[in-house]
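Below you'll find the structure, written out as structure tokens, and then a few comments.
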2 protein chains.
Amino acid sequence: MGSMTAQHSGTPARPPKRATIIDVAARAGVSKSLVSLAFKDPKRVSDERLKRIRTAASELNYSPSFVAQSLTSQQSPFIGILVLDFQNPLFIEVADAVRRTLVEHGEFGLLLNGSSAATVSEPYGTLDPQVLSMLHSLRPRALVVVGTAADQNALPADIPVVYVSAAITRGVATCIRADDEAGMELLVNHLVTTGHQRLGYITGSSGAVTQERQAAFESSVSTRGLESLLLPGDYTEEGGYRAGQNLLKLPKKQRPTAVIAVNDIAALGFIRAAEEAGLTVPGDVAVAGFDNIFLAGIPRIGLTSVDPNKDELGRRAALAVLAGAEGKADEAKYLLVEPTLVVRRSSTGSPKYDPS
Amino acid sequence: MGSMTAQHSGTPARPPKRATIIDVAARAGVSKSLVSLAFKDPKRVSDERLKRIRTAASELNYSPSFVAQSLTSQQSPFIGILVLDFQNPLFIEVADAVRRTLVEHGEFGLLLNGSSAATVSEPYGTLDPQVLSMLHSLRPRALVVVGTAADQNALPADIPVVYVSAAITRGVATCIRADDEAGMELLVNHLVTTGHQRLGYITGSSGAVTQERQAAFESSVSTRGLESLLLPGDYTEEGGYRAGQNLLKLPKKQRPTAVIAVNDIAALGFIRAAEEAGLTVPGDVAVAGFDNIFLAGIPRIGLTSVDPNKDELGRRAALAVLAGAEGKADEAKYLLVEPTLVVRRSSTGSPKYDPS
DNA sequence: TTGTATGCGTTATCAA
DNA sequence: TTGATAACGCATACAA
């Protein structure tokens, strides 16, 4: 009996109506209130009736209607995890970590796409009004938003919200994110230690993360009195590639000897531009990125990167949102998770790839 | 006015109750059925009242309750797109293509996680019973399942379902997938043309896709009377790596000169094993995969791969599910989409990576 | 064109 | 411990 039975049979027949609480009550010979009770608070109903209800329910393949439940209770028993960019592996991993932690605590985390972007490339995502409207009336216990949302006010104001891997205005809502400033410090320190004095930075295109990482770079660089160069780019491979091409227009003397990109993907694009132009990495120019996505760890790539500690981000976000759902969140917190630096070939070691 | 207002104020205060159709009716001085009409079929209500209703609605920030709507109409105005593995870029891209096509046709596609796997590595996913139960009562117009579901019967039997990028039993439900047999032919033909006579194949671990690709390989190879070798693996980098290590235990004479992996990720793992052992790709061994994920196209990787034509898969699935939602799907179709071969360095060209 | 009554599946309140 | 009944927010059929 496949899923499309109705389509197969010539006559649509009657759609196999789903069993309701009334059907179960009738079959078990009790009132519907008792059936409801049997599901919510089994120990308050006598053993005998409980058994009758349960067998009736399973025979009818009954489960309480989510919709009807949330209509009366004004609340749905799940926590929504809104991901703003499914193409970004960082977000996926963080979101999944949130979900796992939620499950461990007996909560049901529903992971769904929150972005309305037709084409995904902008990290600074717009929340899909349709999804929001749906969520608004579904009334999940709480919401986790993964990634920076363009418009925070679009979210239901009466549901606890936690942001993770997002850059939002401090104080308005709880936010868990990697400490980019610390990450940048790790990176710059590493590069300086390995002998670099002239650093380039490939910027993001827009959004708070862009600004904050850029500010962190400028601060790290000026504190040390280093020469620096800002290369406009974005979060895409293409953006990094263009930044690389622009860099190569400079006279050799002025070129940075090491380049940090706003994220790993852009770093990858930069590498492509550099190598196409006959430069070696890290021989002629060292490269590093942010996020430490899967890609960065592949031997052929070997990209030095700041790891945001995805599991920890997800775990903390889950705990925060659980507190919110319990009504225990007294105020909006702004939690920074310590990143770590993963040093690979792209910033050190031999310029040529030698796997042996 | 953040999202957590309720948490900030010491006293929880009364939750800012959401405006209902009655509030709007009262404010606009009409009956609630007229408000309902104004939202569903505006042209059936007089201009003047329509205006009053609309301003009242926006003043109260009212939008129809999704929950109440689907409770009465027995249907929710969206199409669910269930993704079985969010870590698999292939699925993400296909799912997004489905969503885009749906949007073009005025439908709302909700992309959500359908897998209950704690750790994601098995491509042969288990549908999350919680998600299913929720969906069951939400009653979306239709469902698209992206990826192979372990248990097809778990899905609501009274909602049209279309599978995409999945391997399911023919005939039970509509299924859109890449023609793996054709893809394998393209690949084997390419390798034979470039001089290879001894081919290896890294298998998947389980599931129908695993079986079908393997059968396709064996068929392609035996038709041509080629020597071949099956290397047990799975869909992960680690699986490909282990397969590679096993291959290297063989005396050089018996080793295949080209290896096809069940997917790109496994191919990547194989490359790592080969290069760690001092072999060059494609000098000592040519490598190719399936799926043509983003990774495969990066110059440093340059992996020859069978491209499943993700946009087309998504588009066809969307069209099929639209037909199903309209009740126009007369029977379960099994549609194969023609793949293309993308030849890159890993199977041809110079063994050493030279970007210039 | 507009208003009224009823039902959707469940929970909550109250009686029994 | 159990059962009757009123919400919940909306759509639909019907009446005006």
*Among the residues of the stretch A:190-200, is there at least one that is within 26 Å of residue A:93 (Cα to Cα) and either crowded, with 24+ Cβ neighbours inside 10 Å or of a type in the set (A, V, I, L, M) (or both)?*
no
*Working only within the stretch B:75-109, note down all residues that are in a helix (DSSP H, G or I) and among the hydroxyl-bearing types (Ser, Thr, Tyr).*
B:101
*Tell me, yes or no, whether the stretch B:251-264 has at least one residue that is surrounded by fewer than 24 Cβ atoms within 10 Å (Cβ to Cβ), within 27 Å of residue A:237 (Cα to Cα), polar (S, T, N, Q) and away from chain A (no Cβ under 12 Å).*
no
_Residue match in the stretch A:93-102 (condition: buried (at least 16 other Cβ atoms within 10 Å of the Cβ), of a type outside the set (Phe, Trp, Tyr) and away from chain B (no Cβ under 14 Å))_ = no
*Taking the stretch B:303-333, which residues are at pLDDT 95 or above and either on the phi > 0 side of the Ramachandran plot or not in a helix (DSSP H, G or I) (or both)?*
B:303, B:304, B:305, B:306, B:307, B:308, B:309
*Here are some residues: A:247, A:335, A:279, A:322. Which one is in contact (Cβ under 8 Å) with a residue 40 or more places away in the chain and within 14 Å of another protein chain (Cβ to nearest Cβ)?*
A:322
*Condition test on residue B:173, is it crowded, with 16+ Cβ neighbours inside 10 Å and modelled with pLDDT of 95 or more?*
no
_residue B:288 away from chain A (no Cβ under 11 Å) and not in a loop (DSSP other than H, G, I, E, B)_ = yes
*Could you give me the residue pairs with C-beta distances under 6 Å whose first residue belongs to the stretch A:28-50 and is among the basic types (Lys, Arg), whose second residue is within 8 Å of DNA strand D (Cβ to nearest atom) wherever it lies, and which are 6+ apart or on separate chains?*
A:32/A:25; A:44/A:37; A:49/A:30
_Which numbered condition residue A:87 fails, given (1) at pLDDT 90 or above; (2) surrounded by fewer than 24 Cβ atoms within 10 Å (Cβ to Cβ); (3) within 9 Å of chain B (Cβ to nearest Cβ)_ = (1)
*Under the condition of being in contact (Cβ under 8 Å) with a residue 24 or more places away in the chain and in a helix (DSSP H, G or I), which residue from the stretch B:58-74 is nearest to DNA strand C (Cβ to nearest atom)?*
B:70
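One line per residue, one yes/no per condition, for (1) hydroxyl-bearing (Ser, Thr, Tyr); (2) within 17 Å of residue B:135 (Cβ to Cβ); (3) within 11 Å of DNA strand D (Cβ to nearest atom); (4) away from every other protein chain (no Cβ under 12 Å):
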position	(1), (2), (3), (4)
A:20	yes, no, no, no
A:43	no, no, yes, yes
A:51	no, no, yes, yes
A:62	yes, yes, no, no
A:67	no, yes, yes, no
*Do the conditions hold for residue B:68, that is, is it buried (at least 21 other Cβ atoms within 10 Å of the Cβ) and of a type in the set (A, V, I, L, M)?*
no
*Filter the stretch A:69-79 down to residues that are of a type outside the set (S, T, N, Q) and facing chain B (nearest Cβ under 10 Å) and give me whichever is nearest to DNA strand D (Cβ to nearest atom).*
A:71
*Residues of the stretch A:22-41 satisfying the condition of being more than 7 Å from DNA strand D (Cβ to nearest atom) and in a helix (DSSP H, G or I)*: A:22, A:23, A:24, A:25, A:26, A:27, A:28, A:35, A:36, A:38, A:39, A:40
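The values are calculated or read from the model by the stated rules, or taken from the named source; none is laboratory data. What you are looking at is a predicted structure, and each value in this text was computed from that prediction instead of being measured. Every residue, glycine among them, receives a Cβ derived from its backbone with ideal geometry; neighbour counts consider all protein chains shown.
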